[in-house]
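K.L.:
Before we start, here is the structure in question, set down as structure tokens.
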């Protein structure tokens with residue numbers, strides 16, 4: 001059985017019979033976990049093992065573990081600072097900031113790999129233009145070259161821990177005020193402006209071997225009338241052809257308000273895949289996810305299957321073994337100097 005193009009969520013701390021039935025569907029290729037799926041490292045490891053055992057090859061298991069406001073697993077995991085802390089440090093100590101970025105990427109990924117998570121949707125490559133409350137200090141910095149430099153180091157740490165990196169949200173979500181969870185943001189800037197600013201971190205990270213990209217639910221009105229995640233221009237022409245990206249393209253969550261632009265859930269999935277996304281996310285909408293799975297039952301794309309398979313996590317020590325590692329102990333001390341904010345339920 002191949003892996004399908006649908007990533008969805010599961011109900012709670014253990015798999016239900018309904019979860020197991022849906023995970024066996026050929027259209028499903030991934031599961032995203034949320035705070036409601038987490039009680040302890042031991043519990044979530046057992047849950048992930050059950051998800052992986054549900055079919056062969058096993059589905060991709062993902063989570064948002066950026067740090068700061070967006071960290072799903074907390075008690076029993078290191079409380080990670082928002083990525084902006086790395087950018088703030090860069091302004092005074094570039095060398096230390098790069099080192100800390102690599103440590104942070106390694107620590108985040110190593111703890112997740114120890115419980116079986118394949119990928120975290122990180123790092124955020126959006127720029128902090130000072131207007132977006134949904135991005136804000138999730139961004140590394142306001143300058144694109146600094147974002148790229150720190151993200152490169154962060155990705156290096158992730159790779160050491162056995163995890164591929166996912167850059168988000170292409171081509172850049174940081175210059176719009178509207179929250180795409182609640183409405184459809186419109187960015188009026190020209191393609192030239194985007195290419196000179198927001199797309200720079202993505203372009204450089206692609207050169208550095210970025211494995212996956214998540215699209216933005218944003219309309220760039222001077223460029224295309226479609227939101228980027230539903231746009232053949234942004235995905236096929238810009239991301240694939242002009243930037244040469246060969247990795248996996250995720251949609252943002254199709255249950256977000258901004259995605260309603262494309263119609264009902266079936267239309268959202270179909271248009272997103274036709275535009276060039278490899279995998280579509282449907283979160284907190286179980287009935288709709290089931291309908292999409294049925295609609296995609298005959299969907300096949302061997303290239304997509306290969307791209308998904310490449311994101312499976314590599315070597316993973318037991319959590320107890322990781323905690324005995326002097327590098328883990330040193331990393332925890334190094335990265336916890338900046339207190340994260342209370343979590344917001346931002347989906348992805």
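All of the numbers you see were taken from the coordinates with simple rules; none came from a lab. Quick caveat, the model's predicted, so the values are computed rather than measured. Here the Cβ is made from the backbone with ideal geometry for all residues, glycine too, and neighbour counts use every protein chain on show.
K.L.:
For the residues 152, 217, what sequence is obtained by ranking on other C-beta atoms within 10 Å, fewest first?
P.N.:
152, 217
K.L.:
Helix-derived [θ] at 222 nm for the chain: sum -39500 (n - 2.57) over DSSP H runs of at least 4, divide by residue count, nearest 500?
P.N.:
Value at 222 nm, helices only, nearest 500: -10500 deg cm²/dmol.
K.L.:
For the chain, give me the percentage of DSSP beta bridges that are antiparallel, rounded to the nearest 5 percent.
P.N.:
Percent antiparallel among DSSP bridges in the chain is about 10.
K.L.:
Continuing with the same structure: I want to check the label-to-label distance for residue 334 and residue 35. Put each point 7 Å from Cα in the C-beta direction and report it in nm to one decimal.
P.N.:
Between residue 334 and residue 35, the label points sit 2.9 nm apart.
K.L.:
Something else about it: Roughly how far apart, in whole Å, are the Cα centres of region 255-282 and region 79-125?
P.N.:
So the separation of the two Cα centres works out to 30 Å.
K.L.:
Here's a follow-up. Along Cα→Cβ, 7 Å out, is where each label goes; now give me the distance between the ones at residue 257 and residue 225 in nm to one decimal.
P.N.:
About 2.3 nm, to one decimal.
K.L.:
Sorted from fewest to most neighbouring beta carbons within 10 Å, what does the list 146, 51 look like?
P.N.:
Fewest to most other Cβ atoms nearby, the residues stand as 146, 51.
K.L.:
Let me ask another. For the chain, I need the span (max minus min coordinate) of the C-alpha atoms along each principal axis, in Å, sorted largest to smallest.
P.N.:
Each principal axis gives a Cα extent; for the chain these are 50, 48, 33 Å.
K.L.:
Which of 170, 77 comes first, and how do the rest follow, when ranked by fewest Cβ neighbours within 10 Å?
P.N.:
Details: 170 29, 77 21.
By the 10 Å Cβ count, ascending, the order reads 77, 170.
K.L.:
Give the separation of the Cα centroids, region 154-214 to region 11-71, in Å.
P.N.:
Result: 25 Å between the Cα centres.
K.L.:
On to the next question. Given axes a ≥ b ≥ c from the Cα gyration tensor, I'd like to know whether region 191-344 is rounded (a/c under 1.5), prolate (a/b larger than b/c) or oblate.
P.N.:
Working: a/c = 1.74, a/b = 1.42, b/c = 1.23.
It is prolate, given that a/c is not under 1.5 and a/b is the larger ratio.
K.L.:
Continuing with this model, one more query. What is the calculated FRET efficiency for residue 294 to residue 145, with r their C-beta to C-beta distance and R₀ = 45 Å, to the nearest 0.05?
P.N.:
Efficiency for this residue pair is about 0.45.
K.L.:
Taking the Cβ-Cβ separation of residue 325 and residue 24 as r and a Förster radius of 45 Å, what is the calculated FRET efficiency to the nearest 0.05? Intermediate values should be presented prior to the final figure.
P.N.:
Values: r = 37 Å, r/R0 = 0.81.
E between residue 325 and residue 24, to the nearest 0.05, is 0.75.
K.L.:
I'd like the FRET efficiency for residue 96 and residue 303, computed as 1/(1 + (r/R0)^6) with the beta carbon distance as r and R0 of 41 Å, rounded to 0.05. Kindly include the intermediate steps, with their values, before the conclusion.
P.N.:
On the way: r = 41 Å, r/R0 = 1.00.
About 0.50, to the nearest 0.05.
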